[in-house]
Amino acid sequence: MIGLDLSKLKSVNDKYGMFHAMTEKESVEGSFHFSAKDNLTSKDMETCSGSRILEGYRPAFDATAIAKMRAAGGELVGKTNMDEFGFGTFSANSGFEVPRNPFDTERACGGSSGGSACAAAVFEDHVSLGVSTGGSICCPASFCGVYGIAPTYGRVSRYGLIDYGNSLDKIGILSSKATDLRKYLGIIAGKDEKDPTSCVQPDFNPGYRKLSSVAVPKEGMEGLSKDVESAFRKSLETLESMGTEIEFVEMPSLKYAMPAYYVLATSEASTNLARYVGMRYGQQEGDLSLKFDDYFTSFRSEYFGDEAKRRILLGTFTRMVGFRDRYYAKALQVRKVVIDDYKRILATHDAVLAPTMPFTAPRFDDIANMSALDAYKADYLTIPANIAGTPHMSVPCGYGSDGMPIGMQFVADHWDEEILLSVAEDWEKVFESKKPEVTI
Ligand code: GLN
């Protein structure tokens, strides 16, 4: 890790590629510095959500989460690279730069908040705002060896967030320090008149609660790499020695969460992307003599990446008359079953625990050979909590034989961030984390 020095920001970024846009200032004037995923609108920096179709878009307003960080004295130093509109698991689907893992630059940071995890791992005392739809905070936190929390859906205002899946998107925090999660989530949480899906909630002032019991779903132990499984089992022993009771349980619904998610998320995404047509935001230099649908098509064909196009096709299909009951409505039913399964288990346990990702950060050449389906499948451990809207958090818990970080993910009941924040702080005292060696 290195201290943040704005005169060296460009050189650090040349090596790690965490930022899409950066501050031009020479020194940090705020009382702390932070970065934000590039799907959060920011007044003084271009906001593209990882997509070339938004190139040149300079929002006239700050997302509420960014506005609150600034109001608390924070200085925004960069907008972080990500998969286009959040569509991905490795940030390799970015229309711009792909962030590189600070532990090994031949490997991915995870996604889709890959640039945020990278910045949190590279810079000391740095906090980054990430966004999770299906696991995009926990996955990169795990791959980059930092702490990441996605709060309960509705805890943080989505105003100014460029939507991927409106019923799934949550803004959260990534940092190398567990104590930052409490501090900064406290700043961005709260009901916001500008976002009707942000909930009326008690003041965000969680106390401390010791983790007395966790449930480990047997389904979460399937398909793990050897390194992940052994680091996870060792962590269970450590938790036991800290006085936590561990029980292996069955959560049969977890298996169905991933297919249901890709139906729900792409259905919502395909409607959200309809607004990008080369007229209102970003790219607009087109041939005005074309008929309007040809004009729109010319932009969408040119500037959307392959994954965005795939999701438009998939999501349009699952909502079509004649198919929507079979796919979209069915997926909503599965979502309810997953929520009920969490409620059942969390009635008798403080949290549900599993590894965050089934493997460590893959190499870019391996990612290039992965099919879209293989990439979707990699998310089977992070997706269930996301479709349930329950708060979840990844903490570093070991290192593989390749030297890459491994994370484990705690899931708590709706609005129970208290237990997650307490666990993170207790865990940080016993787990010896490694910091990446940062050179420029
Ligand atoms: N990897 C998942 C997807 O591609 C989740 C991404 C996210 O949370 N934005 O949809």
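The values are calculated or read from the model by the stated rules, or taken from the named source; none is laboratory data. Just so you know, these numbers come straight off a predicted model, no measurement behind them. Using ideal geometry, Cβ is built from the backbone for each residue, glycine included, and neighbour counts are taken over all protein chains shown.
Things worth noting here:
- Scanning the stretch 5-44 for residues that are surrounded by fewer than 21 Cβ atoms within 10 Å (Cβ to Cβ) and in a loop (DSSP other than H, G, I, E, B) returns 5, 23, 24, 25, 26, 27, 28, 29, 30, 31, 43, 44.
- Matching residues in the stretch 246-279 - criterion: being within 16 Å of the ligand (Cβ to nearest atom) and of a type in the set (D, E, K, R): 268
- Criterion: on the phi < 0 side of the Ramachandran plot and out of contact with any strand residue (DSSP E or B) (no Cβ under 9 Å at 6 or more places or on another chain) - qualifying residue of 363, 335: 335
- Evaluation of residue 164 against (1) within 13 Å of the chain's Cα centre (by Cα); (2) over 27 Å from residue 60 (Cβ atoms) (one fails), failing number: (2)
- Residue in the stretch 83-96 that is of a type outside the set (S, T, N, Q) and over 30 Å from residue 270 (Cβ atoms) present: no
- Criterion applied to 261, 208 was being surrounded by 14 or more Cβ atoms within 10 Å (Cβ to Cβ) and of a type outside the set (D, E, K, R), and the one residue passing it is 261.
- Qualifying residue in the stretch 401-410 (condition: farther than 26 Å from residue 437 by Cβ and either without any contact (Cβ under 8 Å) to a residue 12 or more places away in the chain or in contact with a Lys or Arg (Cβ under 7 Å, 6 or more places away or on another chain) (or both)): no
- Segments classed as strands (runs of 3 or more DSSP E), wholly inside the stretch 63-141, with at least 1 members that are closer than 18 Å to residue 359 by Cα, in contact (Cβ under 8 Å) with a residue 40 or more places away in the chain and away from the ligand (no atom under 16 Å from the Cβ): 104-108
- Taken together, 366, 413, 426 contain a single residue that is farther than 23 Å from residue 210 by Cα and acidic (Asp, Glu), which is 366.
- Being at positive phi, modelled with pLDDT of 95 or more and not β-branched (Val, Ile, Thr) is a description that does not apply to residue 407.
- Flag if residue 192 is closer than 30 Å to residue 60 by Cα and in contact (Cβ under 8 Å) with a residue 40 or more places away in the chain: yes
- Residue 42 more than 17 Å from residue 281 (Cβ to Cβ) and small (Gly, Ala, Ser): no
- Inspection of the stretch 200-208 finds no residue satisfying the criterion of being closer than 27 Å to residue 59 by Cβ, under 22 Å from the mean Cα position of the chain (by Cα) and within 14 Å of the ligand (Cβ to nearest atom).
- Reported count of residues in the stretch 369-399, each being away from the ligand (no atom under 13 Å from the Cβ) and free of Cβ contacts under 8 Å to residues at least 24 places away in the same chain, is 2.
- Meets criteria (charged (D, E, K, R) and away from the ligand (no atom under 12 Å from the Cβ)) for residue 163: no
- Close pairs from the stretch 262-276: first in contact (Cβ under 8 Å) with a residue 24 or more places away in the chain, partner assigned to a helix (DSSP H, G or I) and among the charged types (D, E, K, R), Cβ under 6 Å, at least 6 apart: 266/311; 269/311
- Residue match in the stretch 292-308 (condition: among the hydrophobic types (A, V, I, L, M, F, W, C), in a loop (DSSP other than H, G, I, E, B) and out of contact with any strand residue (DSSP E or B) (no Cβ under 8 Å at 6 or more places or on another chain)): yes
- Of 282, 322, all but one fail to be buried (at least 17 other Cβ atoms within 10 Å of the Cβ), away from the ligand (no atom under 16 Å from the Cβ) and in a loop (DSSP other than H, G, I, E, B); the exception is 282.
Every residue, every condition in (1) at pLDDT below 95; (2) among the hydroxyl-bearing types (Ser, Thr, Tyr); (3) in contact with a Leu (Cβ under 8 Å, 6 or more places away or on another chain), yes or no:
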site	(1), (2), (3)
308	no, no, yes
314	no, no, no
321	yes, no, no
324	yes, no, no
355	no, no, yes
365	no, no, no
396	no, no, no
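- The set of residues in the stretch 142-159 that are part of a loop (DSSP other than H, G, I, E, B), buried (at least 24 other Cβ atoms within 10 Å of the Cβ) and away from the ligand (no atom under 15 Å from the Cβ) comprises 145, 146, 155, 157.
- Selection count where residues are among the aromatic types (Phe, Trp, Tyr) and assigned to a loop (DSSP other than H, G, I, E, B), scope the stretch 342-400: 2
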